[in-house]
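Heads up: the structure comes next, in structure tokens.
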Amino acid sequence: MKKSFKGNSKLVKSSQSKEIAYRLWQNKAAMAGLLILLVYVFLAIFADHLAPYGFDDQDLSRRFIRPSAKYLFGTDNLGRDIFSRIIYGTRISLRVGLISVAISSSIGTLLGAIAGFYGKAVDNIIMRCVDVMLAIPSILLAISIAAALGPGLSNVMIAISIGSIPSFARIVRASVLTVKEQEFVEAARSIGASDLRIIVRHILPNCLATIIVQATLGVAGAILSTSGLSFIGLGISPPTPEWGSMLSAGRQYIRDHGYIVFFPGLAIMITIFALNLFGDGLRDALDPRLKT
């Protein structure tokens with residue numbers, strides 16, 4: 001009987017996964033966003049082989065060459081190939097976005113699960129701290145932390161991840177408050193399951209869809225925040241090719257050589273657009289209320 005129950009449970013999960021994949025496949029906008037993201041991931045992985053030049057290959061004799069067959073996006077004020085720098089910048093932006101969201105989602109999920117499950121004094125303490133963080137705009141909080149820690153890849157990831165924790169904590173808490181009242185949680189309590197087991201095995205798996213969607217959209221915000229910090233000089237320092245720092249370095253030449261800032265800005269815009277498309281499609285696919 002126990003084997004039969006496990007077999008039925010696996011069949012249900014398999015059918016649910018297939019249904020979610022089908023709904024996502026039917027969403028053309030989400031598929032377009034996913035395709036763009038896969039292209040960016042491909043560029044990031046094989047940047048060393050795809051970039052025609054090194055990201056810091058300087059040659060003052062080829063300064064300000066306009067886009068051409070040899071230099072697809074032109075060259076900057078130091079004679080560096082902008083196309084190559086954007087390809088290498090993809091690696092930096094995706095790394096910062098994924099790692100910072102992984103950190104913030106882990107801490108935020110932990111805090112939200114504890115607050116929602118235990119409630120009362122524990123909930124009040126955690127959520128009041130979260131409210132204090134939410135009172136400060138996330139970008140200002142990131143700027144403050146980055147200014148205190150100094151520029152650098154690791155410091156940028158820390159600054160952005162801390163600023164994103166409150167959003168994950170509030171979303172997970174709301175989901176836990178709903179799930180913990182379900183009958184299967186009461187059944188787990190009645191057979192003597194520990195609080196940790198109930199949270200990890202029964203509650204969080206049912207909140208996973210919400211966490212995944214928030215994480216997908218959070219990567220877009222993290223990349224945008226990284227570019228913003230680098231633009232004002234608190235992010236990743238030159239000559240590391242980061243899209244925001246490329247915008248900052250090229251803004252003084254925008255009148256005569258607008259392509260220097262156009263292509264990095266376009267890369268940021270397309271990335272954020274693709275992540276939002278895919279995140280919205282994923283939310284629709286995972287939301288059971290949208291089933292027809």
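The values are calculated or read from the model by the stated rules, or taken from the named source; none is laboratory data. All of these numbers come straight from a predicted model, not from anything done at the bench. We place every Cβ from the backbone using ideal geometry, glycine too, and count neighbours over all the protein chains shown.
Structure values in brief
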item: Asn155 being in a helix (DSSP H, G or I) and surrounded by 15 or more Cβ atoms within 10 Å (Cβ to Cβ); result: yes
item: Any hit, the stretch 161-169, residues being loosely packed, with under 14 Cβ neighbours inside 10 Å and of a type in the set (Phe, Trp, Tyr); result: no
item: Some residue of the stretch 253-265 being modelled with pLDDT of 90 or more and closer than 19 Å to Ile160 by Cα; result: no
item: Filtered residues of the stretch 57-82 (kept if under 27 Å from the mean Cα position of the chain (by Cα) and either at pLDDT below 90 or of a type in the set (Val, Ile, Thr) (or both)); result: Ile82
item: Single residue of Ser100, Ser154, Ser138, Ser106 found to be more than 20 Å from Val179 (Cβ to Cβ), among the hydroxyl-bearing types (Ser, Thr, Tyr) and modelled with pLDDT of 90 or more; result: Ser100
item: Some residue of the stretch 206-225 being out of contact with any helix residue (DSSP H, G or I) (no Cβ under 7 Å at 6 or more places or on another chain), outside any helix (DSSP H, G or I) and either buried (at least 20 other Cβ atoms within 10 Å of the Cβ) or not polar (S, T, N, Q) (or both); result: no
item: Filter pass, Arg173 being in contact (Cβ under 8 Å) with a residue 60 or more places away in the chain, among the charged types (D, E, K, R) and in a helix (DSSP H, G or I); result: yes
